[in-house]
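The values are calculated or read from the model by the stated rules, or taken from the named source; none is laboratory data. Since this is a predicted model, take the numbers as computed values, not measurements. Neighbour counts run over all protein chains shown; Cβ positions are idealised from the backbone, glycine included. Calculation scope for accessible area: heavy atoms of the full protein, side chains included, ligands and nucleic acids excluded. Shrake-Rupley method; radii C 1.70, N 1.55, O 1.52, S 1.80 Å.
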Amino acid sequence: MSEQSHNAAASHDDHDHDIASHIKTYLIIFGALLLGTVITVLMYYVDFSSMAVTVGVALFIASIKAFLVAAYFMHLMSEKKLVYSLLVISAIFFTGLMGLTLWGTHDTPKNTLMKTVYVP
Amino acid sequence: MQATDTHAHAHGQKGHSHDHHEPGFFSKYIFSTDHKVIGVQYGVASLIFLFFGFLLVLAMRFQLANPGKPIPVVGALLEKLLGSDMAPGGNLSGDLYNSFGAMHGTIMVFLAIVPILFGAFGNYVTPLQIGAPDMAFPRLNMASFHVYFIGGVVMFASFFTPGGTARSGWTSYSPLASVTDLANRFDGQTYWLIGMVFLITSSLLGSVNFIATIIQLRCRGMSWMRMPFFVWAQFVTAFLLLLAFPPLEAAGLMQLMDNLFGSSFFLPQGLVVNGTALAVSGGGSPLLWQHLFWFLGHPEVYVLILPAIGIVSEVIANNTRKPLWGYKSMVYSTMSVGFLSFIVWAHHMYLTGMGTKIATFFQTTTMMISIPSVIILTALFISLWGGSIRFNAASLFALSFLPMFGIGGLTGLPLGFNASDIYLHDSYYVIGHFHYVVAPGTMFAVFAGIYYWFPKITGRMMNETLGKLHWAGSLFFMNCVFAPMFIQGFKGMSRRMYDGGTTYFEGVDPTALSLNKMITMCAVGLGVAQLPFIINFFSSIFVGKKVSSDNPWDATTLEWATPTPPPHGNFASEPVAYRGPYEYSVPGAKSDFTPQSEKP
Amino acid sequence: MEIPYTYKARPDTGLYNAKVGIWLFLASEIMLFGALFSAYILLRVSAPDGFWPDVALAWPRGLLNIPIGTFNTAVLITSSVTVVLAWAALKMNNFARFRWLMVVTVICAFAFLGIKSFEYNDKFSHYVVRLKDGKAVTGHLEVNGKHPGFWNFADQWSLGRLEAEKVEHIEIAVDPARDIHGHVKHVEGASHDHAKQKIATADIAFLGSYTPATHPFFAVYFLITALHGLHVLGGALVLAYFAFPGAKMWKTNPEQFTNRIEVGGLFWHFVDLVWIFLFPVVYLL
């Protein structure tokens, strides 16, 4: 059994070149992530005058960074179908949880108060 | 990932020598990684909790029927154990009644039914039915049981904390849950939350293990559509647990913060308790707790019922000597139920001041989910048609599951509709409805499963006469207990009055009150009806009739192709599935059943 | 029978058991953190309009230390790239390189936790004081010439404790003023160096540190970051185990060992991924 696995490991040598190019990708992604972090922080000091835009920009950059991590570091670029379907399922339920909860707490009968009010 | 270590050890030894030396007591029964031992561990622990939960409700029922009278025998003991402000004169105080109610719900749902369906039957049967040597991660499996056990101990210990155990219902609604005992931050509610975090962790470990096992360890030839329906039910159930439990874990942590650190996740601004303003910052949302709780709570209902349907399907197919009718549509229905169960949760919350749009949305999805449920039930009913049914204890329980679950499901429809729910909410009607699903429903399936798989687990048959006696008593008393609750509910009796409604109903509607007496007597009868089962269970382990073959029921699925009881590693030789799971009475076959493992 | 596919991929799924297991676990983690983020959004949108601390329950902005947070983000990203490089090193049969990359990863993890605990501590000694005339002041508290709460969460002051211990006045190193976006206001001629202000106990209507009890923002901030921190700690311990005692397996079964690093790495990247969202959400927005 263990001999077999040694052979399997040895066969990786053929992929050495392949892996070397991977390493280059990893380092590029690393740079991109650091750059993304800097941009997010810089955006904080930009006054968009609208909260929606501020949130949108920050989450957009965060999503790009998350995509880079998931796609390259977690190898989701070339993963098996099973993993994708699993992630799609949990993404759907996550959206349902967040969306329906927010909708549920904000769709209220008329003249009811959902927002906390400030009483000085 | 840890699980694979055993593998590495095996390499060091010569050949496969793991059967050579007999493991000691602890490694064999306490720290075993064998899925069958863990299944039995789960089974024993959850049956004990089941019994305990039943005792709690017996005390409550006695008080409901006889408000003001001391509870016989245990009343004095309760007073001694929990103090005279909790059980004055052998009565349950309002607080203690609430505690018992909360713990009855918690214990039954999280410590008894889920573990027995998912932990016990799931663990024991699933790997056998898919032809696997064990679960994919045996040590994770062991950890799952141990974490469950710790959770159970924490829950049990909370009875003896100063101020008593949790008493805000099994739903633990905030702000009530955070303000019941302000003087004592580390109160029963906090224990409850810590216990829940353990139980949730256990379920998560279990569900990861189940899904990985079913995906990865199916034996050769065991394609998805050749899996027994029980395995499908476990598969969908595991997904429900995997994805629905984490939000409750998050909510539990938030409530723990509210209780321990005085934060205000679920506490609104300007909260007044007993006439004094509460010294918290406020700004939280009580609705958030309910949303996160019911996001688990509703899928949990299907966690309680899907494996039960799985058991019933196995027993029915075997005892009608016919293939399940519409196996594929049952599988797809189960998947639809699983999917839809994630988007129906707020039908538990119609009374929280929901807008009409969102209420309509949840009412629509609720009606949609009843369609696949009805398909499953109908398919099972049609499966009976034209079969030569064997009436043994297992099949009697499975057969009576069908109408009982039908009643439970159909009485749920008025609760799924917004308009009728507003009238029925929080009344005894609700109690009747969900107990019909879980008590005569799920519990009957559990009993069917015990009678059916007992010979595989122990190598001995259970006594049929005692089994039938158990069935008759249970069926009769279950209905006498839960059917009158619908009437009480229609009469508007609230489910939360510790004196059984005497305060409100005396002189108004005596029938609602007199039903209390009848229900209590029948509840005691239900307890007595379990005696044949308990006697049967223990005596059969030692003196039951020994099985004459590995397949005493002439069944087709793979668990019957193992030695009895199955050894560590399960199968004597690598099993192969050559056909579908329910090849009964195939025309031209040499017997009326063709096992999955039989070569064509 | 042995359990199959412990490190060889099953032909029809193309995956080994542990990889299926870790992705399932991560799916449930998505729901866990998803629920917490949902709670964050819900609490935030139902908070009253206005600017904290002037409006008591308005959502505060810019309270956390952005330079430190940015640095911590960089630390975590670095550890994420080193763990994937460590896996690549194993694939290239370079165990020595694997080990030092793993060591860097674990060091980064503990650096992250250390910096985080420094931030936590800062919040424990930071107070908001609401005066009876309606004004609000925030800053580091000094009682009897001492900074309370320094590395001691239990040493917290409240108005009740001030009165009980008959403290007549407190001192506050007042924070610089902020504009509506939470940015520090640059007022001409004003000094930015935390001027001390003396406040008599009799004038105080409310006093609370930057802890969960004071505001839902702190509650949600502490809960999510603490849970994330626990994930970092757990991951770091596992990775450290792989780097040293668990590395024995490299000799006996290199393929399975490489798989373990891959699985551990997947968890680690997920922890990084959560932080990528957490950082802008709690620090910047």
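Listed by position, the helices (runs of 4 or more DSSP H) enclosed by region A:1-96 that each have at least 3 residues that are surrounded by 13 or more Cβ atoms within 10 Å (Cβ to Cβ), at pLDDT 90 or above and more than 7 Å from chain C (Cβ to nearest Cβ) are A:16-44, A:51-68. Going by the structure shown, is residue B:155 open to solvent by 20 Å² or more (accessible area, probe 1.4 Å), modelled with pLDDT of 90 or more and in a helix (DSSP H, G or I)? In short, no. Within region B:270-293, the set of residues being open to solvent by 10 Å² or more (accessible area, probe 1.4 Å) and assigned to a helix (DSSP H, G or I) comprises B:286, B:287, B:290.
The number of residues in region B:244-269 that are facing chain C (nearest Cβ under 7 Å), aromatic (Phe, Trp, Tyr) and either farther than 18 Å from residue B:182 by Cβ or not in a helix (DSSP H, G or I) (or both) comes to 1.
Scanning region C:245-262 for residues that are in contact with a helix residue (DSSP H, G or I) (Cβ under 8 Å, 6 or more places away or on another chain) and within 11 Å of chain A (Cβ to nearest Cβ) turns up C:249, C:250, C:252, C:253, C:254, C:255, C:256, C:257, C:258, C:259, C:262.
Per-residue answers, yes or no, for (1) closer than 30 Å to residue B:558 by Cβ; (2) among the hydroxyl-bearing types (Ser, Thr, Tyr); (3) open to solvent by less than 50 Å² (accessible area, probe 1.4 Å):
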site	(1), (2), (3)
B:438	yes, no, yes
B:487	no, no, no
B:494	no, yes, yes
B:506	no, no, no
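Every listed requirement among (1) of a type outside the set (A, V, I, L, M, F, W, C); (2) at pLDDT 95 or above; (3) surrounded by fewer than 24 Cβ atoms within 10 Å (Cβ to Cβ) is met by residue B:209 save one, (3). Every condition in (1) buried (at least 19 other Cβ atoms within 10 Å of the Cβ); (2) in a helix (DSSP H, G or I) is met by residue B:483 except one, and the failing one is (1).
Would you mention how many residues in region C:67-81 are out of contact with any Phe, Trp or Tyr (no Cβ under 9 Å at 6 or more places or on another chain) and over 30 Å from residue C:208 (Cα atoms)? Counting residues in region C:67-81 that are out of contact with any Phe, Trp or Tyr (no Cβ under 9 Å at 6 or more places or on another chain) and over 30 Å from residue C:208 (Cα atoms) gives 1. Note on region C:213-244: residues that are open to solvent by 20 Å² or more (accessible area, probe 1.4 Å) and closer than 15 Å to residue C:95 by Cβ amount to 1.
For first residues located in region C:56-79 and within 16 Å of residue C:273 (Cα to Cα), partners that are charged (D, E, K, R) and surrounded by 20 or more Cβ atoms within 10 Å (Cβ to Cβ) and lie 6+ apart or on another chain with Cβ distances below 8 Å form the pairs C:76/C:272; C:77/C:272; C:79/C:272. Residues in region B:496-504 include none that are assigned to a helix (DSSP H, G or I), touching a Leu at 6+ places or on another chain (Cβ under 6 Å) and over 24 Å from residue B:133 (Cβ atoms). I'd like to know if region B:319-338 contains one or more residues that are within 14 Å of chain A (Cβ to nearest Cβ), farther than 30 Å from residue B:583 by Cα and open to solvent by less than 10 Å² (accessible area, probe 1.4 Å). No, region B:319-338 has no match at all.
Pick out the one residue from C:218, C:242 that is in a helix (DSSP H, G or I), under 20 Å from residue B:264 (Cα atoms), among the aromatic types (Phe, Trp, Tyr) and in contact with a helix residue (DSSP H, G or I) (Cβ under 8 Å, 6 or more places away or on another chain). Only one candidate qualifies: C:218. Looking only at region C:1-42, which residues are more than 8 Å from every other protein chain (Cβ to nearest Cβ) and open to solvent by 30 Å² or more (accessible area, probe 1.4 Å)? Across region C:1-42, the qualifying residues are C:8, C:9, C:11, C:12. Within the bounds of region B:204-219, is there any residue that is more than 18 Å from the chain's Cα centre (by Cα), free of Cβ contacts under 8 Å to residues at least 60 places away in the same chain, facing chain C (nearest Cβ under 10 Å) and over 21 Å from residue B:324 (Cα atoms)? Checked region B:204-219: at least one residue is more than 18 Å from the chain's Cα centre (by Cα), free of Cβ contacts under 8 Å to residues at least 60 places away in the same chain, facing chain C (nearest Cβ under 10 Å) and over 21 Å from residue B:324 (Cα atoms). A count restricted to region B:528-578 and to residues that are surrounded by 16 or more Cβ atoms within 10 Å (Cβ to Cβ) and in a helix (DSSP H, G or I) stands at 10.
Residues in region C:43-50 include at least one that is open to solvent by 30 Å² or more (accessible area, probe 1.4 Å), part of a loop (DSSP other than H, G, I, E, B), farther than 28 Å from residue C:196 by Cβ and not small (Gly, Ala, Ser). For region B:56-77, a tally of residues being in a helix (DSSP H, G or I), buried (at least 19 other Cβ atoms within 10 Å of the Cβ) and modelled with pLDDT under 90 returns 1.
The set of residues in region B:79-108 being hydrophobic (A, V, I, L, M, F, W, C), in a helix (DSSP H, G or I) and crowded, with 20+ Cβ neighbours inside 10 Å consists of B:96, B:100, B:102, B:103, B:107, B:108. Filtering B:216, B:234 for residues that are surrounded by 24 or more Cβ atoms within 10 Å (Cβ to Cβ), touching a Lys or Arg at 6+ places or on another chain (Cβ under 9 Å) and more than 20 Å from residue C:34 (Cα to Cα) leaves a single hit, B:216.
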